[in-house]
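**Q** Below you'll find the structure I mean.
The values are calculated or read from the model by the stated rules, or taken from the named source; none is laboratory data. Please read all numbers here as calculations on a predicted model, not as lab measurements. Neighbour counts run over all protein chains shown; Cβ positions are idealised from the backbone, glycine included.
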Amino acid sequence: MQIVLEIDGISKRYGKVQALKPYKLQIPKGTTFGILGPNGSGKTTTLGIILGILSSDSGGFTWFDGQSVNTAKKRIGALLETPNFYPYMTAYQNLKLVAKIKELQNPNIDAVLKTVNLHERAHHKFKGYSLGMKQRLAIAASLLGEPEVLLLDEPTNGLDPTGIAEVRDLITRIAANGTTVIIASHILAEVEKVCSHVAVLQNGSLLYSGLADELSAKDAVIAVASADMQALEIAIKDLSSLKKLRPMDGHLHLSFSEDMSPSKLNQLLAEQGIYLSYIEEKKASLEERFLKILTRDKAN
Amino acid sequence: MIKLISIEWHKLRYHRFFWIGMVSFVLLLSALLVSFGSFQIFGSGAEADPNDPSMLAIPANLADAGFYTLPFVWQNTSYLAGFFKFIPAFLMLFFMASEFEYRTMRQNVIDGLSVGEIFFSKIFSLLLFALVCTLTVAITTSALIYSYNDLAETDFWYQSSFIVAFFAEVFFILSLAFFLGILLKKSALAIILLVLYYFVVEPVLGFYVGSPISDYLPTRPSRNLIPEPFTRLFKINSFLNIESLDSISIKNLLVSFFYSIILLFGSFMVLKKRDL
């Protein structure tokens, strides 16, 4: 599995506030990766650091095969917080400037403007745009040059319900083409609907990272325990449909690629002479899981 | 390099303010330089009295007084043009600060420019502004020389080095504006501070520290580059008839460039250190 971005212990302090505590994270190629967290959790700080507009107090990060961040950025389309454009230029002129910066030979300006439904206003000045149009132009800019990685911070900010649905569709379409998409958001539904992987941040700490399936209701997670945990683990690893195994809170959290009910699992293990002392099917929605993770962290 | 120039030019060419500022600067300055010679001199038209040596002929206007006469004309025009250097300086400062106000510099970095590349693209603007100013004065002055002088008698280029001094003066004020724009990120605040510093803080400071230290305060070398020509202009026809030529102090020229480089280097360091 190729890694597009490797974060290795970046952190950021603003005066007395530790905005981001050192953490590690790998983003595999071709995934749709959601970075989830409430406001002020360190999402934008993380994105700022990996895009080179904020300096990290510690650690480092690697894009692609260790390319310099400025070279790497030409392969990345990014939308960070508010859309920033030159107000006196038209949408077309603004995108042309971005294309110059990214050194694109034949920029697909008309195509991306069409994708976000701005082609009819392409030659109007940016300062006359509504918030939703500005946001759509920012998405168009991030799509310029068909980047290998798309990095979107709160991409549906300021959009109406139709716009939100369109952007969600667009992200799914782009991800289906093999583009790695990284989405930072505090809106769970946004991440839940499109992301294959999720990382949860709160108060600058990474609380969770892994498959979104493990967090969401679609694929339930089965938690098991037995007197001999080692034997249990060996037996479970032999199961061909096992997708993921995570030790957590003294249990093993399992997810399977095929349908697997607790009773079937229990039966399979019993056939191998392993008797469970604990079994639970966890069917929390992403939202519940998310809140759980957040409250668990607060309790500590 | 070409890429950076093309990026910066793209930002400038669509800005109405850039064209209004530059065109009005060029037109106003050349119009002033051309019409300045026809300004009346107080008490003009008096005839010399052969019986009274204290009664001298007063020329009708500044052109008659020798404002456009070689070799002094280079110094006269570039000194006068010096008052206009604040127009490009304010433009520079405005462009610099608006990159922060609209967070576009941050966006440029997100899109793939390094801070160093942005810095050098902005240096292109600075050089462009300085060259437009210098060429305006050089071309207008050349035209005036052709219409007011007999070139068979005098050397066209003699004393033309004042143009270099004018370039240094503009380059310095643009560097100061560049630095303040980056440091303060707010154009209105930076313009007020620039004017306050140039016209109040440094003159007062200079008065307190006294010569020779005052000669080395940041804006002083650039101010002293082109000596004030009017005193001499009115002495030409006086009974003493002294015609001493002013010259550019190489020391002022070097110190002025030195301060400009320090300001630009400081701007670079601020940009580099600061989170965008």
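**Q** Being over 18 Å from the mean Cα position of the chain (by Cα), of a type outside the set (A, V, I, L, M), farther than 25 Å from B:SER247 by Cα and in a helix (DSSP H, G or I) is the filter here; which residues of the stretch B:164-206 pass it?
**A** Of everything in the stretch B:164-206, those that are over 18 Å from the mean Cα position of the chain (by Cα), of a type outside the set (A, V, I, L, M), farther than 25 Å from B:SER247 by Cα and in a helix (DSSP H, G or I) turn out to be B:GLY181, B:SER187.
**Q** Go through the residues of the stretch A:124-144 one by one and say whether even a single one is within 14 Å of chain B (Cβ to nearest Cβ), crowded, with 18+ Cβ neighbours inside 10 Å and out of contact with any Leu (no Cβ under 9 Å at 6 or more places or on another chain).
**A** So far as the stretch A:124-144 goes, yes, one or more of its residues are within 14 Å of chain B (Cβ to nearest Cβ), crowded, with 18+ Cβ neighbours inside 10 Å and out of contact with any Leu (no Cβ under 9 Å at 6 or more places or on another chain).
**Q** Please identify the pairs in which a residue from the stretch B:8-19 that is within 7 Å of another protein chain (Cβ to nearest Cβ) has its Cβ atom under 8 Å from the Cβ atom of a residue that is assigned to a helix (DSSP H, G or I) and surrounded by 15 or more Cβ atoms within 10 Å (Cβ to Cβ), counting only partners at least 6 apart or on another chain.
**A** B:HIS10/A:GLN93; B:HIS10/A:LYS96; B:HIS10/A:LEU97; B:HIS10/A:LYS100; B:LYS11/A:LEU97; B:LYS11/B:PHE95; B:TYR14/A:GLN93; B:HIS15/B:PHE95
**Q** Let me ask you something else. Find the residue count for the stretch A:47-62, including only residues that are more than 14 Å from every other protein chain (Cβ to nearest Cβ) and among the β-branched types (Val, Ile, Thr).
**A** Of the residues in the stretch A:47-62, the ones more than 14 Å from every other protein chain (Cβ to nearest Cβ) are A:58-62.
Checking the rest, the ones that are also among the β-branched types (Val, Ile, Thr) come to A:62.
Selection size over the stretch A:47-62: 1.
**Q** Let me ask you something else. Sort out which residues of the stretch A:271-300 are part of a loop (DSSP other than H, G, I, E, B) and either modelled with pLDDT of 80 or more or under 23 Å from the mean Cα position of the chain (by Cα) (or both), and write them in order of number. Before you say what the answer is, go through the steps one by one.
**A** Within the stretch A:271-300, the first condition is being part of a loop (DSSP other than H, G, I, E, B), and the residues that meet it are A:272-275, A:283-285, A:300.
Matches in the stretch A:271-300: A:GLN272, A:GLY273, A:ILE274, A:TYR275, A:LYS283, A:ALA284, A:SER285.
Yes/no matrix, rows are residues, columns are (1) within 18 Å of B:LEU263 (Cβ to Cβ); (2) exposed (fewer than 13 other Cβ atoms within 10 Å of the Cβ); (3) modelled with pLDDT under 85; (4) touching a His at 6+ places or on another chain (Cβ under 6 Å):
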| position | (1), (2), (3), (4) |
| --- | --- |
| B:THR140 | no, no, no, no |
| B:TYR148 | no, no, yes, no |
| B:SER160 | no, no, yes, no |
| B:GLU169 | yes, no, no, no |
| B:SER175 | yes, no, no, no |
| B:GLY181 | yes, no, no, no |
| B:LYS185 | yes, no, no, no |
| B:VAL195 | yes, no, no, no |
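**Q** Return yes when A:GLN67 is within 12 Å of another protein chain (Cβ to nearest Cβ), more than 29 Å from A:ILE35 (Cα to Cα) and of a type outside the set (A, V, I, L, M) and no when it is not. Before you say what the answer is, go through the steps one by one.
**A** Numbers: within 12 Å of another protein chain (Cβ to nearest Cβ): yes; more than 29 Å from A:ILE35 (Cα to Cα): no; of a type outside the set (A, V, I, L, M): yes.
Considered against the rule, which asks whether it is within 12 Å of another protein chain (Cβ to nearest Cβ), more than 29 Å from A:ILE35 (Cα to Cα) and of a type outside the set (A, V, I, L, M), A:GLN67 comes out as no.
**Q** Next up: Answer yes or no: is there a residue in the stretch A:218-226 that is out of contact with any Gly (no Cβ under 8 Å at 6 or more places or on another chain), in contact (Cβ under 8 Å) with a residue 24 or more places away in the chain, surrounded by 13 or more Cβ atoms within 10 Å (Cβ to Cβ) and closer than 30 Å to A:LEU159 by Cβ. Can you show your working first?
**A** Our first condition is that a residue be out of contact with any Gly (no Cβ under 8 Å at 6 or more places or on another chain); within the stretch A:218-226, this holds for A:218-224, A:226.
From what's left, in contact (Cβ under 8 Å) with a residue 24 or more places away in the chain: A:219-224, A:226.
From what is left, the residues that are surrounded by 13 or more Cβ atoms within 10 Å (Cβ to Cβ) are A:219-224, A:226.
Restricting the remaining residues to those that are closer than 30 Å to A:LEU159 by Cβ gives A:219.
Yes; the residues of the stretch A:218-226 include at least one that is out of contact with any Gly (no Cβ under 8 Å at 6 or more places or on another chain), in contact (Cβ under 8 Å) with a residue 24 or more places away in the chain, surrounded by 13 or more Cβ atoms within 10 Å (Cβ to Cβ) and closer than 30 Å to A:LEU159 by Cβ.
**Q** Looking at A:ALA235, A:ALA189 in this structure, which one is surrounded by fewer than 14 Cβ atoms within 10 Å (Cβ to Cβ) and either outside the structural domain of A:LYS24 (by TED's automatic domain parsing) or part of a helix (DSSP H, G or I) (or both)? Before you say what the answer is, go through the steps one by one.
**A** On the way: A:ALA235 fails: surrounded by fewer than 14 Cβ atoms within 10 Å (Cβ to Cβ).
Going through A:ALA235, A:ALA189 in turn, the sole match is A:ALA189.
**Q** Moving to a separate point now. One residue is enough: does the stretch A:100-116 have a residue meeting the conditions among the polar types (S, T, N, Q) and either within 9 Å of chain B (Cβ to nearest Cβ) or on the phi > 0 side of the Ramachandran plot (or both)?
**A** The first filter runs over the stretch A:100-116 and keeps only residues among the polar types (S, T, N, Q), leaving A:105-106, A:108, A:115.
Adding the requirement that they be either within 9 Å of chain B (Cβ to nearest Cβ) or on the phi > 0 side of the Ramachandran plot (or both) leaves none.
No, the stretch A:100-116 contains no residue that is among the polar types (S, T, N, Q) and either within 9 Å of chain B (Cβ to nearest Cβ) or on the phi > 0 side of the Ramachandran plot (or both).
**Q** Sticking with this one: Among (1) hydrophobic (A, V, I, L, M, F, W, C); (2) under 28 Å from A:VAL4 (Cα atoms); (3) at pLDDT below 85, which single condition is A:LEU239 missing?
**A** In the conditions (1) hydrophobic (A, V, I, L, M, F, W, C); (2) under 28 Å from A:VAL4 (Cα atoms); (3) at pLDDT below 85, A:LEU239 misses (2) alone.
**Q** Is it fair to say A:ALA199 is more than 30 Å from A:ASP153 (Cβ to Cβ) and either in a strand (DSSP E or B) or not assigned by TED's automatic domain parsing to the domain that holds A:SER142 (or both)?
**A** Values: more than 30 Å from A:ASP153 (Cβ to Cβ): no; either in a strand (DSSP E or B) or not assigned by TED's automatic domain parsing to the domain that holds A:SER142 (or both): yes.
Against the criterion (more than 30 Å from A:ASP153 (Cβ to Cβ) and either in a strand (DSSP E or B) or not assigned by TED's automatic domain parsing to the domain that holds A:SER142 (or both)), A:ALA199 does not qualify.
**Q** Scan the stretch A:240-270 residue by residue and report those that are more than 22 Å from the chain's Cα centre (by Cα), outside any helix (DSSP H, G or I) and exposed (fewer than 15 other Cβ atoms within 10 Å of the Cβ).
**A** Hits for the stretch A:240-270 are A:SER240, A:SER241, A:PRO247, A:MET248, A:ASP249, A:GLY250, A:GLU258, A:ASP259, A:SER261.
**Q** Considering (1) under 26 Å from B:PHE119 (Cβ atoms); (2) without any contact (Cβ under 8 Å) to a residue 12 or more places away in the chain, say which one A:PHE85 fails and leave the rest.
**A** The single condition A:PHE85 does not satisfy is (2).
**Q** What residue, of A:SER185, A:SER142, is closer than 30 Å to B:ILE2 by Cβ, of a type in the set (Ser, Thr, Tyr) and under 18 Å from the mean Cα position of the chain (by Cα)? Steps first, please.
**A** Working: A:SER185 fails: closer than 30 Å to B:ILE2 by Cβ.
Just one listed residue meets the conditions, A:SER142.
**Q** Find all pairs meeting these conditions: Cβ atoms under 9 angstrom apart; at least six residues apart or on different chains; first residue within the stretch B:104-118 and more than 7 Å from every other protein chain (Cβ to nearest Cβ) and farther than 17 Å from A:LEU152 by Cβ; second residue of a type outside the set (Lys, Arg) and not in a helix (DSSP H, G or I).
**A** Close Cβ pairs satisfying both conditions: B:MET105/A:ASN84; B:MET105/B:LEU113; B:MET105/B:LEU276; B:VAL115/A:GLY52; B:VAL115/B:LEU276.
**Q** Answer with yes or no whether A:ARG121 is away from chain B (no Cβ under 13 Å), farther than 27 Å from B:MET1 by Cα, buried (at least 18 other Cβ atoms within 10 Å of the Cβ) and more than 28 Å from the chain's Cα centre (by Cα). Break it down stepwise before answering.
**A** Values: away from chain B (no Cβ under 13 Å): yes; farther than 27 Å from B:MET1 by Cα: yes; buried (at least 18 other Cβ atoms within 10 Å of the Cβ): yes; more than 28 Å from the chain's Cα centre (by Cα): yes.
Answer is yes for this residue.
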